[in-house]
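**Q** First, the structure itself, so that you have it in front of you.
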Amino acid sequence: MRNRKFAALLLRTATLCLLPIGASSLTAAAADKSEQRQHYRNAMNAIERGPADAWKPYVVDLGDYPLLPYVELALLERGKGKPSTAQVQAFAKRWPDTLVARTLSETTLRELAKQGDWATFRSLWVESQALDLRCANQRARIAAGEKPTYATDIESLWMQPRPTPSLCEPLFTWARQNGELSDAEIWKRIEAAAEAANPGTVSIIANLLSGSDKTAANRIASSVRDPAGVLANAASWPDTDQNRDAISLGMYRFARKNSAAAEARWDQLQGKFAWSPQQKNRVDNAIAIYRATNYGDDALSRLKALPDDAQDDTSREWRVRVALANQDWSETLAALDAMSEEQLADSRWRYLRARMLSKLDREAEAAPEFAAVAKEANFHGFLAADWISAPYSICPSTINATRNAEEAIAAQPDLARALEFQAMGDLTQARREWKFALTKLDPQEKLLAADLAYRNDWYDSPIFLLSSSNDTLTYYEQRFPLAQKPRVARVAREAGVDPAWSYAIIRAESAWMSDARSHADAYGLMQLLPGVAKKVANSAKLPYSKPSDLFEPGLNIQLGTLFLAQMARQYQGSPWLASAAYNAGGSPVGRWLAARPDLEPDFFIETIPYKETREYVARVLAFSVLYDWRLNGKVIPVATRLPKIGQPYKAPKDDAQRKTVVCSAPAEPGSGSQGDP
């Protein structure tokens with residue numbers, strides 16, 4: 001009966017004014033949707049390419065299908081048509097509080113804003129998180145005779161470090177002309193954008209100024225964009241606060257690229273301007289820090305010489321690293337003791353403090369510090385446990401729910417759409433529906449949603465959700481899935497790689513996003529560069545023709561694990577050095593090894609100059625432990641995964657001696673690197 005009524009409805013309308021048939025019965029636990037799924041694909045293809053009514057036979061059984069509203073949207077927009085206001089309103093009424101209705105409404109609102117049709121815009125307006133539409137709404141208010149105020153309506157739109165959408169610029173111009181945007185607020189945003197290294201934003205904001213102020217703002221933009229070129233002429237600038245800001249910000253950027261050249265330029269400029277303490281401290285801090293990242297001979301003395309108000313957490317961390325690289329244990333301990341209370345709460349620095357106490361033969365003081373850190377399930381917690389021969393403390397949480405609660409979350413319409421898109425391979429749209437669904441769920445419902453996705457073989461979204469809060473880090477089953485287990489195990493063993501390590505690389509590289517693509521053009525689960533993949537594939541005689549092939553999980557895992565094995569062979573099997581090279585490349589690792597060949601591995605990792613690589617190695621090693629535990633119940637000690645530089649290492653065999661895991665602490669993994677997605 002339902003389908004006959006539905007078919008009759010289709011025949012009566014030219015634009016498919018669909019009733020919300022079955023909208024309350026959308027469920028991820030429904031019977032096999034394969035036939036409906038194919039009919040959906042056929043309908044969408046027919047709407048896009050077929051004759052006018054070719055879609056109709058395919059929709060008669062879609063009354064309870066989660067993606068039904070997308071069929072109607074496609075019909076409204078076919079032939080690049082633009083739905084009328086009445087159609088948009090009718091669609092929103094039929095599919096209230098859905099992503100698809102919101103998307104249609106927001107697309108229409110953007111068109112109306114571009115046309116300046118503010119009356120119609122206001123008739124369709126609903127609250128939105130989109131910055132451009134929020135700006136447009138204020139412009140619609142102005143057109144209606146209202147007057148937005150800076151504090152209430154404009155500040156949250158204005159104070160963005162990145163360029164704001166074009167729909168916002170007329171609002172800011174109006175605010176400037178009508179006294180709602182002061183010089184002080186303009187300069188506050190200029191400094192924030194410059195600090196965030198966004199010179200394009202500064203250049204746009206500069207257009208709201210005039211005369212010498214505009215010139216100074218453009219100097220700030222230029223000093224961030226091309227510090228060396230701009231600072232070469234800075235000695236001739238007038239001594240104004242804005243020009244001093246431009247110089248100090250430029251010096252900060254210049255020091256990152258060439259600390260020695262920056263210091264030479266600073267020597268030329270220091271006496272020519274009346275620096276504020278903040279401006280001088282910014283430059284002194286930057287030169288000291290970036291001399292430290294190169295481990296210059298005077299790095300430690302420079303960091304220690306910084307006055308208190310020029311110190312920050314970064315300078316204090318680098319004081320520790322430089323002292324550690326110098327193998328000066330007393331100085332390292334002094335640097336650790338100079339850290340802030342917030343820093344010293346981190347397991348990284350507590351572990352290193354215990355190590356320094358031990359190095360200085362203060363074992364009685366070191367032991368309780370090791371014991372405290374060993375209660376945390378992260379890289380430094382595992383290391384601490386190894387130093388005192390304690391079992392690892394991993395306290396997993398379980399997602400428990402009643403059958404009614406599970407059925408209720410499975411029936412949540414937005415989640416049903418997300419899971420259906422995921423099943424169809426449209427991961428971009430699946431994540432959009434997932435994100436929209438989460439806004440409606442309370443914490444317990446989010447846990448159930450994460451478990452639902454996990455049980456439907458969708459791993460990345462639950463991982464990111466459960467890794468975003470310290471309260472959910474102990475849901476290890478969902479955060480560290482044993483996906484593709486037969487393939488990972490087989491390929492790893494054939495390549496001579498520990499499966500737990502291979503799993504850890506996948507988890508650290510992509511969080512199981514099979515369609516991941518990085519800014520460096522790396523693809524898939526193990527984030528392979530196309531050139532690397534081609535070489536490995538040719539060597540192993542594996543099929544590979546184009547970068548998009550790397551989105552296929554099986555091929556990506558096989559090529560990635562073979563490449564990981566190549567990295568390991570370059571470093572005598574060492575997992576930690578190979579992990580560093582996998583992330584940063586062989587050339588940087590070679591430079592670090594040449595500079596600090598005698599450092600113990602845990603100290604060496606902490607002295608890696610690249611923050612990303614430093615944290616990556618710690619994360620991979622922690623993930624290796626967690627995956628080893630997931631696979632075997634017991635674990636290879638992380639200390640054995642840290643062979644000394646030059647010491648050969650072989651992947652553990654199935655019968656290798658493993659360490660006991662207990663739950664001897666509260667179910668909190670602590671603040672170490674392991675908690676990162």
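The values are calculated or read from the model by the stated rules, or taken from the named source; none is laboratory data. Just so we're clear, the structure is a prediction, and the values are computed from it rather than from any experiment. Reconstructed Cβ throughout: ideal geometry from the backbone, glycine too, with neighbour counts over all protein chains shown.
**Q** Exactly one condition in (1) crowded, with 21+ Cβ neighbours inside 10 Å; (2) in contact (Cβ under 8 Å) with a residue 24 or more places away in the chain; (3) within 30 Å of Ala192 (Cα to Cα) is not met by Asn137; state its number.
**A** So Asn137 meets the others, but not (2).
**Q** Identify all residues within the range 48-71 that are modelled with pLDDT of 95 or more and assigned to a helix (DSSP H, G or I); write none if there are none.
**A** Leu68, Pro69, Tyr70, Val71
**Q** Looking at this structure, is Arg353 without any contact (Cβ under 8 Å) to a residue 24 or more places away in the chain and in contact with a helix residue (DSSP H, G or I) (Cβ under 8 Å, 6 or more places away or on another chain)?
**A** Working: without any contact (Cβ under 8 Å) to a residue 24 or more places away in the chain: yes; in contact with a helix residue (DSSP H, G or I) (Cβ under 8 Å, 6 or more places away or on another chain): yes.
So Arg353 fits the description; yes.
**Q** Out of Ser469, Ser461, which single residue is among the hydroxyl-bearing types (Ser, Thr, Tyr), under 29 Å from Arg41 (Cα atoms) and free of Cβ contacts under 8 Å to residues at least 60 places away in the same chain? If you could, list the steps in order and put the result at the bottom.
**A** Details: Ser469 fails: under 29 Å from Arg41 (Cα atoms).
Exactly one residue qualifies, and that residue is Ser461.
**Q** Moving on to the next point. Identify, by number, the condition in (1) free of Cβ contacts under 8 Å to residues at least 24 places away in the same chain; (2) more than 29 Å from Pro238 (Cα to Cα) that Gln327 doesn't meet.
**A** (1)
**Q** Please specify each residue of the range 329-352 satisfying the condition of being under 31 Å from the mean Cα position of the chain (by Cα), crowded, with 23+ Cβ neighbours inside 10 Å and of a type in the set (Ser, Thr, Tyr).
**A** Of everything in the range 329-352, those that are under 31 Å from the mean Cα position of the chain (by Cα), crowded, with 23+ Cβ neighbours inside 10 Å and of a type in the set (Ser, Thr, Tyr) turn out to be Ser347, Tyr351.
Every residue, every condition in (1) under 30 Å from Leu452 (Cβ atoms); (2) aromatic (Phe, Trp, Tyr); (3) at pLDDT below 95, yes or no:
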site: Arg319; (1), (2), (3): no, no, no
site: Ala338; (1), (2), (3): no, no, no
site: Arg348; (1), (2), (3): no, no, no
site: Ala354; (1), (2), (3): no, no, no
site: Ala367; (1), (2), (3): no, no, no
site: Leu383; (1), (2), (3): no, no, no
site: Pro396; (1), (2), (3): yes, no, no
site: Ile399; (1), (2), (3): yes, no, yes
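**Q** Go through the residues of the range 44-59 one by one and say whether even a single one is free of Cβ contacts under 8 Å to residues at least 40 places away in the same chain, closer than 30 Å to Thr439 by Cα and not aromatic (Phe, Trp, Tyr).
**A** First pass over the range 44-59, keeping only residues free of Cβ contacts under 8 Å to residues at least 40 places away in the same chain: 44-55, 57-58.
Filter again for closer than 30 Å to Thr439 by Cα, leaving 44.
So of that shortlist, the ones also not aromatic (Phe, Trp, Tyr) come out as 44.
The answer is yes, given that some residue of the range 44-59 is free of Cβ contacts under 8 Å to residues at least 40 places away in the same chain, closer than 30 Å to Thr439 by Cα and not aromatic (Phe, Trp, Tyr).
**Q** On the given criteria, is Ala537 farther than 30 Å from Leu465 by Cα and surrounded by fewer than 16 Cβ atoms within 10 Å (Cβ to Cβ)?
**A** On the way: farther than 30 Å from Leu465 by Cα: yes; surrounded by fewer than 16 Cβ atoms within 10 Å (Cβ to Cβ): no.
So Ala537 fails the test.
**Q** Could you say whether any residue in the range 585-599 is surrounded by 24 or more Cβ atoms within 10 Å (Cβ to Cβ) and of a type in the set (D, E, K, R)?
**A** So far as the range 585-599 goes, no, none of its residues is surrounded by 24 or more Cβ atoms within 10 Å (Cβ to Cβ) and of a type in the set (D, E, K, R).
**Q** Here are some residues: Ala274, Ala260. Which one is assigned by TED's automatic domain parsing to the domain that holds Ser236 and closer than 30 Å to Arg614 by Cα? Quick ask: steps written out before the conclusion?
**A** Numbers: Ala274 fails: closer than 30 Å to Arg614 by Cα.
Ala260 is the lone residue from the list that is assigned by TED's automatic domain parsing to the domain that holds Ser236 and closer than 30 Å to Arg614 by Cα.
**Q** Another question, then. Condition test on Pro238, is it more than 30 Å from Asp297 (Cα to Cα), out of contact with any Leu (no Cβ under 9 Å at 6 or more places or on another chain) and not small (Gly, Ala, Ser)? Even if it seems obvious, please write down each step before you answer.
**A** Working: more than 30 Å from Asp297 (Cα to Cα): yes; out of contact with any Leu (no Cβ under 9 Å at 6 or more places or on another chain): yes; not small (Gly, Ala, Ser): yes.
Answer is yes for this residue.
**Q** Follow-up. (1) surrounded by fewer than 16 Cβ atoms within 10 Å (Cβ to Cβ); (2) modelled with pLDDT under 95; (3) over 24 Å from Trp629 (Cβ atoms): which one isn't true of Thr428, the others all being true?
**A** Among (1) surrounded by fewer than 16 Cβ atoms within 10 Å (Cβ to Cβ); (2) modelled with pLDDT under 95; (3) over 24 Å from Trp629 (Cβ atoms), Thr428 violates only (2).
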